[in-house]
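Engineer: What follows is a single structure, and I will ask about it in a moment.
The values are calculated or read from the model by the stated rules, or taken from the named source; none is laboratory data. This structure is a prediction, so every number in the text was calculated from the model and none was measured. As a convention, Cβ positions derive from the backbone with ideal geometry for all residues, glycine included, and neighbour counts pool all protein chains shown.
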Amino acid sequence: MIDQRESVSGAHFAFTDRWGGVSAAPYEQLNLGGAVGDDPAAVLANRKRAAAGLGLDAGRVVWMNQVHGADVAEVDGPWGDGTAIPSVDALVTARDGLALAVLTADCVPVLLADPVAGVAAAAHAGRPGMVAGVVPAAVKAMTDRGADPSRIVARTGPSVCGRCYEVPERMRAEVAAVEPAAYAETSWGTPAVDVAAGVHAQLERLGVRDVGRSPVCTMESPDHFSYRRDRATGRLAGYVWLD
């Protein structure tokens, strides 16, 4: 259920795998995405299971409607009844005990926290979002609230690797023109993009030094959801929260 979990000075980071839930194929088992065609009751049960596995109250986990952009929403508490979940690709909060969640199935989940300032953020960095600058936008939202890049702890979770993310040559060139570090080649010798490498290059330029990258390629791993591999599939989640 929990693929990776880490705590640093009161900041907590976690990423799920696909197991330990109740969803039926093709979303088996721990699908946490509510907009992929799965039974809503199963998604709700899975979210409760994942939260419980992390010692969290599922009602204190905040989700977003991800749209492959670079907008950031500030969060002070769970979305209330009748409140539309914002269409953004990053969340930032200065509230202790409020978990921010990001959904992925090949894109890069980016979790950020400055434990000293008490500010956390979660970002969804697919290829379009990485190019649009969602990670710099999330870091700026944090610094606007007192965070210091030199204190920010950053963790990226399972995502499709540059050896597997094949794209047309023109697309690779367009991405590399914005972020050269994302230029890649597949293991079979065709043009590719390494989104995680691009994200980490952006973090380095922003002055974030405490970074960690998951070694898992979602397309290669049967323990993780991959949209590029399976198309109809579930979604993994990354969670970040502060004590």
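Engineer: Against the condition over 30 Å from Asp194 (Cα atoms), of a type in the set (Lys, Arg) and in contact with a helix residue (DSSP H, G or I) (Cβ under 9 Å, 6 or more places away or on another chain), how does Arg47 come out, does it pass? First the steps, then the outcome.
Structural biologist: Details: over 30 Å from Asp194 (Cα atoms): no; of a type in the set (Lys, Arg): yes; in contact with a helix residue (DSSP H, G or I) (Cβ under 9 Å, 6 or more places away or on another chain): yes.
Here the answer is no, as Arg47 does not meet what is asked.
Engineer: Restricting attention to strands (runs of 3 or more DSSP E) lying wholly within the stretch 1-105, give those where 1 or more residues are in contact with a Gly (Cβ under 7 Å, 6 or more places away or on another chain), on the phi < 0 side of the Ramachandran plot and surrounded by fewer than 21 Cβ atoms within 10 Å (Cβ to Cβ). Outline the logic, then answer.
Structural biologist: Working: elements: 2-8, 11-16, 72-75, 90-93, 99-104.
The strands (runs of 3 or more DSSP E) meeting that bar are 2-8.
This table checks each residue for (1) within 19 Å of the chain's Cα centre (by Cα); (2) among the hydroxyl-bearing types (Ser, Thr, Tyr).
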residue: Pro26; (1), (2): no, no
residue: Leu32; (1), (2): yes, no
residue: Gly53; (1), (2): yes, no
residue: Leu56; (1), (2): yes, no
residue: Asp71; (1), (2): yes, no
residue: Ser87; (1), (2): yes, yes
residue: Val92; (1), (2): yes, no
residue: Leu98; (1), (2): yes, no
residue: Cys107; (1), (2): yes, no
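Engineer: Looking at Leu30, is it over 25 Å from Val92 (Cβ atoms), of a type in the set (A, V, I, L, M) and either at pLDDT below 95 or touching a strand residue (DSSP E or B) at 6+ places or on another chain (Cβ under 9 Å) (or both)?
Structural biologist: Values: over 25 Å from Val92 (Cβ atoms): yes; of a type in the set (A, V, I, L, M): yes; either at pLDDT below 95 or touching a strand residue (DSSP E or B) at 6+ places or on another chain (Cβ under 9 Å) (or both): yes.
Against the criterion (over 25 Å from Val92 (Cβ atoms), of a type in the set (A, V, I, L, M) and either at pLDDT below 95 or touching a strand residue (DSSP E or B) at 6+ places or on another chain (Cβ under 9 Å) (or both)), Leu30 qualifies.
Engineer: Go through the stretch 137-164 and report how many residues are out of contact with any Gly (no Cβ under 6 Å at 6 or more places or on another chain), assigned to a loop (DSSP other than H, G, I, E, B) and not aliphatic (A, V, I, L, M).
Structural biologist: 9
Here's the yes/no breakdown for (1) buried (at least 24 other Cβ atoms within 10 Å of the Cβ); (2) under 20 Å from the mean Cα position of the chain (by Cα); (3) at pLDDT below 95:
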{"residue": "Ala125", "(1), (2), (3)": "yes, yes, no"}
{"residue": "Met130", "(1), (2), (3)": "yes, yes, no"}
{"residue": "Val134", "(1), (2), (3)": "yes, yes, no"}
{"residue": "Ala137", "(1), (2), (3)": "no, yes, no"}
{"residue": "Thr156", "(1), (2), (3)": "yes, yes, no"}
{"residue": "Val167", "(1), (2), (3)": "no, no, no"}
{"residue": "Arg172", "(1), (2), (3)": "no, no, no"}
{"residue": "Val178", "(1), (2), (3)": "no, no, no"}
{"residue": "Tyr183", "(1), (2), (3)": "no, no, no"}
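Engineer: I'd like to verify a number: residues in the stretch 124-135 that are in a helix (DSSP H, G or I) and over 18 Å from Ala94 (Cα atoms), how many?
Structural biologist: So in the stretch 124-135, the residues in a helix (DSSP H, G or I) come out as 127-132, 134-135.
Then keep just the ones that are over 18 Å from Ala94 (Cα atoms); that gives 127-132, 134.
Residues flagged as in a helix (DSSP H, G or I) and over 18 Å from Ala94 (Cα atoms) within the stretch 124-135 amount to 7.
Engineer: May I ask you to verify whether Ala177 is among the small types (Gly, Ala, Ser), farther than 28 Å from Ala113 by Cα and either touching a Ser or Thr at 6+ places or on another chain (Cβ under 9 Å) or in a strand (DSSP E or B) (or both)? Working first, answer last.
Structural biologist: On the way: among the small types (Gly, Ala, Ser): yes; farther than 28 Å from Ala113 by Cα: yes; either touching a Ser or Thr at 6+ places or on another chain (Cβ under 9 Å) or in a strand (DSSP E or B) (or both): no.
The answer is no for Ala177.
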